[in-house]
Amino acid sequence: MAVTRVPFIAGNWKMNLDHLQAVAFVQKLHWALKDAKHLDGSVEVGLFPPFTDLRTVQTLIDADKIPFALGAQDLSTKDAGAYTGEVSGAFLAKLNCAYVLIGHSERREYHAETDQVISEKVQAALRNGLVPVICVGETSEDLEKFGASAVPVGQLEIALEGVPADADIVVAYEPVWAIGSGQAATPEQAQEVCAKLREVIADKLGQDAAQRTRVLYGGSVKSSNIASFMREPDVDGALVGGASLVVDEFAAIIRFQKHVGV
Ligand code: 13P
């Protein structure tokens, strides 16, 4: 039988908003959503600020009982030790982080993260009780050469190596060409790849996992196109970059949920 997957709207702030700006942002976003029914469990909102903001945002969320989930943008493959500049998943868990982004294309491109490193980071997240948000996606060159799904499917297959069938994970399909370009994938393109990614989850972790795991779309999501993505059966939410930094725009993306009745 169909399993209900709670839509997940996640804001990846990337390297934006310092901890003082984060305070104002979270308070304004909470205020903008005050009268919305969006936080009655029909949608989950996740914030992924820079590391230096996590403690501040956590304190704010806890103090005001704001129902936003907290996530980090990266973690180390290791849990502790002489790894200057790295951040342990164990430390993130202590800050009440529920989620961590892994394998974002900007980490793959600017930090040379390989599929192997990404697989180790998925293990590090699970070991520390964090839900990995595994990001996959093809570049425009990949798209031309191999079509849309081959590269993200291959990336996800490696990331899921050694992941137990009952693990709590989220998958985000982010075509690299759609990130920050203003040129989102079409809903049909997103649906096609998200459905293929769900098949990978079924192959690797079984049908139960495939049915309960949320697969998000990311890449130039805005309040004007969120509806078209959320109508697709295999798109369970969005990983939002630029639009998650604008209070009213992000609030509108989150608010959309109550109209779709998913
Ligand atoms: P944009 O929404 O700015 O295209 O970024 C998407 C993204 O990379 C989220 O992780």
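Just so you know, all these numbers are worked out from the coordinates, no wet-lab data involved. Quick caveat: nothing in here was measured; it's all calculated off a predicted structure. All Cβ positions, glycine included, derive from the backbone under ideal geometry; neighbour counts span all protein chains shown.
For Glu113, which sequence-distant residues (separation of 5 or more, or a different chain) have an amide H within less than 5 Å of its own amide H, given hydrogens modelled in the peptide plane?
Amide H to amide H, under 5 Å and 5 or more residues apart or across chains, Glu113 pairs with Arg108.
What shape does the range 99-248 take by its C-alpha gyration tensor, where a ≥ b ≥ c are the square roots of the eigenvalues and a/c under 1.5 counts as rounded, a/b above b/c as prolate, and the rest as oblate?
Values: a/c = 1.40, a/b = 1.32, b/c = 1.06.
Rounded.
With a/c under 1.5 counting as rounded, go ahead and sort the range 49-188 into rounded, prolate or oblate using the C-alpha gyration tensor (a ≥ b ≥ c being the square roots of the eigenvalues; past the cut-off, prolate if a/b is larger than b/c, else oblate). All intermediate terms of the calculation are to be shown ahead of the outcome.
Details: a/c = 1.89, a/b = 1.49, b/c = 1.27.
Prolate is the answer for the range 49-188, as a/c is 1.5 or above and a/b outweighs b/c.
Between rounded, prolate and oblate, where does the chain land on the alpha carbon gyration tensor, with a ≥ b ≥ c its root eigenvalues, rounded for a/c under 1.5, else prolate if a/b exceeds b/c?
rounded
Given the options Tyr217, Pro233, Leu205, identify the residue whose Cα lies farthest towards the positive end of the charge dipole of the range 204-250 (+1 on Cβ of Lys, Arg; -1 on Cβ of Asp, Glu).
Sorting the options by dipole projection puts first Leu205.
Compare the Cα positions of Pro49, Ala93, Leu160 along the charge dipole of the range 29-176 (+1 at Cβ of Lys, Arg; -1 at Cβ of Asp, Glu; about the Cα centre) and return the one farthest towards the positive end.
Ala93
With each label point set 7 Å from Cα along the Cα-Cβ vector, what nm distance links Ser228 and Asn96?
For the pair Ser228/Asn96, the computed spacing is 3.8 nm.
How would Val247, Val176 line up from fewest to most surrounding beta-carbon atoms within 10 angstrom?
Val247, Val176
Would you mind checking the pairs Lys145/Lys196; Lys34/Lys94; Lys94/Lys222; Lys65/Lys121 and listing those with alpha carbons more than 23 angstrom apart?
Going by Cα-Cα distance, Lys34/Lys94; Lys94/Lys222; Lys65/Lys121 fall outside the 23 Å limit.
Neighbour counts of other C-beta atoms within 10 Å: give me Met230, Met15 arranged from fewest to most.
Met15, Met230
Among 181-187, 47-53, 69-75, 221-227, what's the highest-first ranking by average C-beta atoms within 10 angstrom per residue?
69-75, 47-53, 221-227, 181-187
Just round it to a whole percent: the fraction of Cα-Cα distances in the range 1-110 exceeding 24 Å.
Numbers: 1757 of 5995 pairs.
Above the 24 Å cut-off, the range 1-110 has 29 percent of its Cα pairs.
Summing -39500 (n - 2.57) over the DSSP H runs of n ≥ 4 in the chain and dividing by its residue number, what mean residue ellipticity at 222 nm do you reach, to the nearest 500 deg cm²/dmol?
For the chain, the value works out to -12000 deg cm²/dmol.
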